[in-house]
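Below is one structure, written out as C-alpha cells; the observations come after it.
The values are calculated or read from the model by the stated rules, or taken from the named source; none is laboratory data. These figures come from a predicted structure and were not determined experimentally. Cβ sites come from the backbone with ideal geometry, for glycine too, and all protein chains shown count toward neighbours. SASA here: full protein model, heavy atoms, side chains in, ligands and nucleic acids out. Shrake-Rupley method; radii C 1.70, N 1.55, O 1.52, S 1.80 Å.
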Amino acid sequence: MAVAEPSAPLAQLPELIIEPRKGWLPINFREIWRYRELLYFLAWRDVKVRYKQTVLGFLWAFLQPFTKMVIFSAIFGGLAKIDSEGFPYPIFLYAGLLPWQFFSESLSRSSSSVVGSANLITKVYFPRLIIPLSAIGACLVDFAISFTILIGLMFYYSIPLTLATLLMVPLVALTILAAFGIGCLLSALDVTYRDFRYMIPFVIQIWMFLTPVLYPVKIVPGRWQWLLLLNPLTGIVDAYRSAILGKPFQWSTLAISSGVVLLAILIGTLYFRKTERRFADII
C-alpha cells in the first residue's frame, strides 16, 4: 500500500517563536488591545458560569450587599451607634460597602483565576494578564446590579445627585486598578504556593475591618491614621462617600491611596511577568 507523502517537508514549514516581551514596562497594552475580544469572551464566560443553574440567578448580586447592609446597619448603626458624619447610617455604610464589595470580589476571583484557567494556559498562547483582568471585568456586572440599591437609598433618604457623583467613574477605574495590581501578585503566588487559596479569603475578611467601610476615617486616632492610609482602599472608600453623599473630598488621602495603587500595580505586574513563563509547567 502506497503511503501519501506530506505536501511539504517539515523543514520548510514556517516556524513561529514566541518570546517574552522585552523592556521595562511590565504591561504590553498593545497586545492586550489586540486580544480584547478574548478578554470580553472570558469575562462574559465567568458571568454565565457563575449564575448558570442557580435558583435566583443575577438576584444574588442584589441580595448579598443588601443583606450585609441590613445586618451591619442593625449592629453597628443601631446597637454600636457608630458615627456616620451626620448622614443616615444605612446609606453612609452602603456608600463604603459598594466599592469594598466590588474590590473584594474582584480580588478574590482574580487571585484564583490563573489556576482556574489551567487548561487554557497549557494549550494556547495569549497575554496571561488577560486572565485576572477578565475576572475583574466579570465583577463589573455585579457592581452594576448592586448600584441599583444605592440609587434606591439616595431616593429614600432624599440625597440628590450632584456633579460630584460623576467622579464615581474615575473612582471605579481606580478600584479596578487596585484589584488588578494586587490580584496579579496573588494569582502568580497562588500558582507557586497553593496554600494562598486558603489564606486569601481570611485576609479579605480582616482587610474589611481595616478599611473605613463600617466607620469614618476620623474615628481612628490621629497617631494611627498613617497606618490606615497605607491601605489603598482608605482613600478610595472615603472618596466614594464624598461623591455620593456630597461631603468634602479629602484629596490628600485619595492621592496617597492612588500612589499605593500604582505601587501595587508595578509590583504585581512585574512579579506576574517574571513568573508567567513557568505557569504552564507548574500549574
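Surface composition of the stretch 79-154: carbon and sulfur atoms hold 62% of the protein heavy-atom accessible area at a 1.4 Å probe.
In the context of the full set of protein chains, the chain has a per residue accessible area of 57 Å² (1.4 Å probe).
The distance between label points at R194 and A80 comes to 3.7 nm (points 7 Å beyond Cα on the Cα→Cβ vector). In the chain, Cα pairs under 8 Å separated by at least six residues give a relative contact order of 25 percent. Taking every C-alpha pair closer than 8 Å and separated by at least 6 residues, the mean separation divided by the residue count of the stretch 223-283 gives a relative contact order of 31 percent. Packing, taken as the mean count of other beta carbons within 10 Å per residue, orders the peptides 173-179, 226-232, 158-164 from highest to lowest as 173-179, 226-232, 158-164.
So, with a 1.4 angstrom probe, what is the percent of accessible area on the stretch 160-283 that is carbon and sulfur?
Here it works out to 73 percent.
Multiplying the residue separation of R30 and W224 by 0.36 nm and subtracting their alpha-carbon distance yields 65.6 nm. For the chain, modelled as a GNM whose springs connect Cα atoms under 10 angstrom apart, the maximal fluctuation among F92, F66, F103 occurs at F66. The 3J(HN,Hα) values that the Karplus relation (6.51, -1.76, 1.60; θ = phi - 60°) gives for the stretch 107-113 are, in residue order, 5, 5, 6, 5, 5, 9, 6 Hz. Gly and Pro appear as x.
Available extension along the chain between R277 and L63 is 73.0 nm, counting 0.36 nm per residue and deducting the alpha carbon span.
For the stretch 108-215, applying the loop criterion from DSSP together with a ceiling of 10 other beta carbons within 10 Å to the chymotrypsin sites (Phe, Trp or Tyr not before Pro) yields Y125, Y193. For the stretch 66-153, trypsin sites (Lys or Arg not before Pro) are listed when DSSP marks them as loop and at most 12 other Cβ atoms sit within 10 Å of their Cβ; the list is K81, K123.
3J(HN,Hα) couplings calculated from phi for the stretch 248-253 with the Karplus curve 6.51 cos²θ - 1.76 cosθ + 1.60 (θ = phi - 60°) are, in sequence order, x, 6, 9, 5, 5, 5 Hz; Gly and Pro show x. Taking Cα atoms, how many degrees apart are the long axis of helix 196-209 and the longest axis of the chain, rounded to 10 and kept between 0 and 90? Taking the Cα atoms of the chain, the angle to 196-209 is about 20 degrees.
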